[in-house]
Amino acid sequence: MGCNEAASAYKPNALSRKQLYHPATCSPADQNRLAAAWICRRAVAALSPAVMARTRLVKESSASTPGHPEDRRRPLYFAAFLLLADAALVALIIAFVPYTKIDWDAYMSQVDTFREGERDYTKIEGDTGPLVYPAGFLYVYSAIKFLTAGQVFPAQILFGVLYIVNLGLVLLLYVKSEVLPWWALGLLCLSKRVHSIFVLRLFNDCVAMTLLHAAMVLIVYHKWYLGLIIFSGAVSVKMNVLLFAPSLFLLMLKAMSIKGVFVALLGAAGVQVLLGMPFLLSYPVEYIARAFNLGRVFIHFWSVNFKFVPEKLFVSKELAVTLLFFHLTALMVFAHYKWFKHEGGLLHFMQSRFKDVTSIQELISCKPVLSNLSKEHIVTVMFVGNFIGIVCARSLHYQFYSWYFYSLPFLLWRTQFPTVVRIILFVGVELCWNVYPSTAYSSLLLFFLHICILFGLWSSPAEYPYVGKKDKTNSKKLGKTM
């Protein structure tokens, strides 16, 4: 008879411990059996609370561990629901909200000039001014004009599909990185301004950011070479994607050999050369000067983030140089103390990679000892690097909100702020972007909110960058709890 069975057989109300040993009550064999049952019963009673507590802790820890099957299905189902719900919302917006004419006619005029054979970038203009985007923009909008005949309504439908594709890519990044609780994914669908940018304005920012998010998905799955090709395609549509470039380069150094980095960068450069070939062969100086002009000065009236700065200071070279200095400094500080913290800092990482190299061949082909980067780390570094650029941008126009809106929930949940504070910051940023025209107060508030988020990112602990550590850490925590 087992301990539990003996314990169940023994009835404490029927026989006391004293009665067990009374010769008139039962035989010696029965006395021994009942004594064993009594002891087992006591032992089970003493151990039951500990066993139940251990079982409860195991269940709670398993349920709270990212990657648990039950937790994985919930965000996937909710993401699918969000896609369907937002698709319906986009259809309603297209059907009932009037289209706002801003740059569409200018885009079509520039495309017409290009299709007529003009290759001098200084002569390709539209209603709102000269063409200032790389060649990929012309190819994309030429295709859009071919599909829509230049009509707004079918173009809106096309951009509505683009919106859903982009949202799907972003949701995939969020689900795979496992940073947000499932319900917080709904924040990605709540921006009035972003819906407007996609289906009521038809800006090229939408195409560029969709390609960027596609590149990030590929990189998260460690398809570095193809990811760099798509990334370069995004740059060819609009150069704001270059804000992600420093972070991407640092990730490549952590994940690839020097040869791999060189080949990937060569492929990305090849895309630019191939797309720009018709212009580089005809008017190379004009093309490079117009398409890759990094010194453009925007109009103070349209600035959303620095409207509180006097116009004279806003257009000054001193402000541009100061912001560039802070941008580069912030990138270096985050790289050294956050993104390369577990490698001993950026300088130590570079030194450790090359200090034991004995030949040029080994220098080119050797990879870091740890190179399998986690999805959370890749997305964190990319989104934070871009956000630093946003904070230090001299001027953000309304369509530029699409450059970083989809990273906001991720960034907020990478901070250690309480959930209520995260929601307040998210809503505050959205409200600032919906003030039209922007005011000194709205832009000052937006700048303050950006600084708060950046401070929260700086003060939060750095995630372990490589695959496998998270599971080990959770196992250790579970062991300590038990």
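Values as computed for the structure displayed
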read-out	value
Cα centre as origin, Lys/Arg/Asp/Glu Cβ charges: segment 144-226 dipole, Debye	140 debye
Relative pair counts by distance (%), Cα atoms of segment 223-303, 5 Å bins	3, 13, 21, 20, 17, 12, 9, 4, 1, 0
Listed pairs K223/K375; K259/K341; K355/K375; K254/K375; K238/K338 exceeding 18 Å between Cα atoms	K259/K341; K355/K375; K238/K338
Heavy-atom accessible area ranking, 1.4 Å probe, most first, across W433, W413, W182	W182, W413, W433
Integer Hz, Karplus 6.51/-1.76/1.60 couplings in order for segment 105-120, x for Gly and Pro	4, 5, 4, 5, 5, 5, 5, 4, 4, 5, 6, 7, x, 6, 10, 8
Bins of 10 Å, starting at 0 and running to the largest distance - Cα pair percent for segment 206-348	10, 29, 34, 22, 4
Under-5 Å amide H pairs with E178, H placed in peptide plane, nonlocal only	none
Probe 1.4 Å - accessible area at M277, Å² to nearest ten	70 Å²
Nonlocal amide H pairs with Y466, under 5 Å, H built at 1.01 Å	S374
Which of Y441, Y287 is most accessible, then next, and so on - probe 1.4 Å	Y441, Y287
In segment 295-328, trypsin sites (Lys or Arg not before Pro) in a DSSP loop with at most 11 other beta-carbon atoms within 10 Å	R296
Phi to ³J(HN,Hα) by Karplus 6.51 cos²θ - 1.76 cosθ + 1.60 over segment 400-412, Hz, x for Gly, Pro	6, 4, 5, 5, 9, 4, 5, 9, 4, x, 4, 5, 5
Accessible-area value, H327, 1.4 Å probe, nucleic acids and ligands omitted, Å²	30 Å²
Solvent exposure, largest accessible area first (probe 1.4 Å, DNA, RNA and ligands not counted), of H342, H213	H342, H213
Hydrodynamic radius of segment 108-250 per Kirkwood, over alpha carbon pairs, in Å	16.5 Å
Size of electric dipole in segment 99-197: Cβ of Lys, Arg +1 and of Asp, Glu -1, about Cα centre, debye, nearest 20	340 debye
Net charge over other residues, Cβ less than 13 angstrom from the Cβ of I102 (K, R count +1; D, E count -1)	-2
Electrostatic dipole magnitude of segment 91-133 [Cβ: Lys, Arg +1; Asp, Glu -1; Cα centre; debye, to 20]	140 debye
Hz values of 3J(HN,Hα) by residue in segment 88-96 - Karplus curve (6.51, -1.76, 1.60), Gly and Pro given as x	5, 5, 4, 4, 5, 4, 4, 6, 10
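The values are calculated or read from the model by the stated rules, or taken from the named source; none is laboratory data. Predicted, not measured: the structure shown is a model, and the values here were computed from it. Counting neighbours? That spans all protein chains shown, and the Cβs are built from the backbone with ideal geometry, glycine included. These area figures cover heavy atoms from the full protein model, side chains too; ligands, DNA and RNA do not enter into them. Shrake-Rupley method; radii C 1.70, N 1.55, O 1.52, S 1.80 Å.
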